[in-house]
Amino acid sequence: MTRLIGKTALVTGASRGIGRAIAERLAADGARVAVHYSTSEAEVAETVERIGERAFPVRADLATMAGVGELAGALAERELDILVNNAAAPPAGPIETDTPERFDRLFAVNVKAPYFLIQRLLPLMRNGGRIISISTVATRMAYPTQTSFAMTKGALETMSLSLAQALGSRGITVNVVAPGATRTSANAALFTPEASAFFASHTALDRVGRAEDVADVVGFLASDAARWVTGQVVDASGGVHLGPRLG
């Protein structure tokens with residue numbers, strides 16, 4: 001596929017996992033991809049090597065506003081077509097064990113950074129651009145072990161709805177992709193046979209997700225085929241918790 005030839009994309013948190021799969025998909029579709037990372041030098045080098053000449057690394061710590069400024073500044077000489085907000089701090093646990101410090105970091109990386117990154121990159125974004133943020137199915141179901149994490153993703157979804165309205169006159173679409181349980185090279189150890197069977201049993205399509213499943217949805221939303229889709233949360237979970245299996 002070459003439908004993104006001539007386009008430039010930024011994928012945050014793209015050194016591994018779902019972010020890497022998204023970067024690879026956009027590059028396969030023809031885009032030049034800025035592969036953002038924070039600390040994982042070896043992993044980002046592997047991602048860039050896997051993609052080839054269409055990828056280049058950009059380092060920034062999105063837990064700080066200085067890092068947000070560094071990332072935006074690294075792209076200041078380019079026009080941008082696609083922004084994928086994928087970077088996220090991990091869940092901080094249930095309310096009983098959460099701390100103000102972990103809570104603040106979650107909101108800094110998962111909410112504040114995407115918001116102000118969009119603000120700073122909008123002058124670089126061409127009309128007809130794409131803003132896509134990665135959320136979670138935990139925003140539509142009770143998941144007490146990830147309460148604060150789900151709160152951050154709910155904020156992303158609300159932000160995206162409002163920005164879709166604000167940016168529509170420029171032809172910029174703003175959407176969200178919400179994965180469910182997704183096995184990647186980065187978290188494979190968590191998916192024991194027992195855990196995989198449990199998640200599959202609660203999924204309509206009867207298996208655990210793969211990073212490529214999510215990346216393909218992002219690829220669609222980044223393409224011209226999705227030009228009439230904006231302000232939406234697209235569930236990319238294989239149908240997690242749609243209801244009891246009665247048959």
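Derivation of every value follows stated rules applied to the coordinates shown; laboratory data play no part. Here the structure is a predicted model, which means the values were calculated and not measured. Backbone-built Cβ (ideal geometry, glycine too); neighbour counts: all protein chains shown.
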* Asked: Taking 0.36 nm per residue of separation and subtracting the Cα-Cα distance, what length does fully extending residue 142 through residue 70 add?
  -> 22.3 nm
* Asked: What is the stretch 8-232 by shape, rounded, prolate or oblate, if you read a ≥ b ≥ c off the alpha carbon gyration tensor as root eigenvalues and call it rounded for a/c under 1.5, prolate for a/b larger than b/c, and oblate otherwise?
  -> rounded
* Structure fact -> Given unit charges at Cβ for Lys, Arg (+) and Asp, Glu (-), the dipole magnitude of the chain about its Cα centre in debye, nearest 20, is 520
* Separation of the stretch 1-46 and the stretch 65-112 by C-alpha centroid, Å? -> 17
* To do: With r as the distance between the Cβ atoms of residue 197 and residue 127 and R0 = 35 Å, compute the FRET efficiency 1/(1 + (r/R0)^6) and round to 0.05.
  => 0.15
* State, as an integer percentage, the relative contact order of the chain based on alpha-carbon contacts under 8 Å between residues 6 or more apart. => 19
* Structure fact -> Among 141, 164, 55, the residue whose Cα sits farthest towards the positive end of the charge dipole of the chain, when +1 is placed on the Cβ of each Lys and Arg and -1 on the Cβ of each Asp and Glu, is 164
* Structure fact -> Listing 139, 158 by rising number of other beta-carbon atoms within 10 angstrom, fewest first, gives 158, 139
* **Distance in nm between pseudo-label sites at residue 105 and residue 188 (7 Å out along the Cβ direction from Cα)** => 2.6
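Select from the stretch 176-247 those chymotrypsin sites (Phe, Trp or Tyr not before Pro) which occupy a DSSP coil region and have at most 15 other Cβ atoms within 10 Å, ordered by residue number.
228
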* To do: Please give, to one decimal in nm, the separation of the simple spin-label points placed at residue 115 and residue 50, each 7 Å out from Cα toward the Cβ.
  => 3.2
* Using a simple spin-label model with points 7 Å from Cα along the Cα→Cβ vector, what separation in nm is obtained for residue 216 and residue 241? -> 2.5
* Asked: So what's the gap between the Cα centers of the stretch 142-197 and the stretch 215-247, to the nearest angstrom?
  -> 11
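Can you put 143, 37 in order, fewest other beta carbons within 10 Å first?
With the fewest neighbours first, 143, 37 line up as 143, 37.
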* Give the longest segment of the chain that steers clear of GluC sites (Glu not before Pro) in DSSP loops with at most 14 neighbouring Cβ atoms within 10 Å, not counting the sites themselves. => 97-247
* Structure fact -> With a Förster distance of 45 angstrom and the Cβ-Cβ distance between residue 205 and residue 40, calculated FRET efficiency to the nearest 0.05 equals 0.90
* To do: Determine, for 184, 39, the number of other Cβ atoms within 10 Å of each Cβ, and report the residues in order from fewest to most.
  => 39, 184
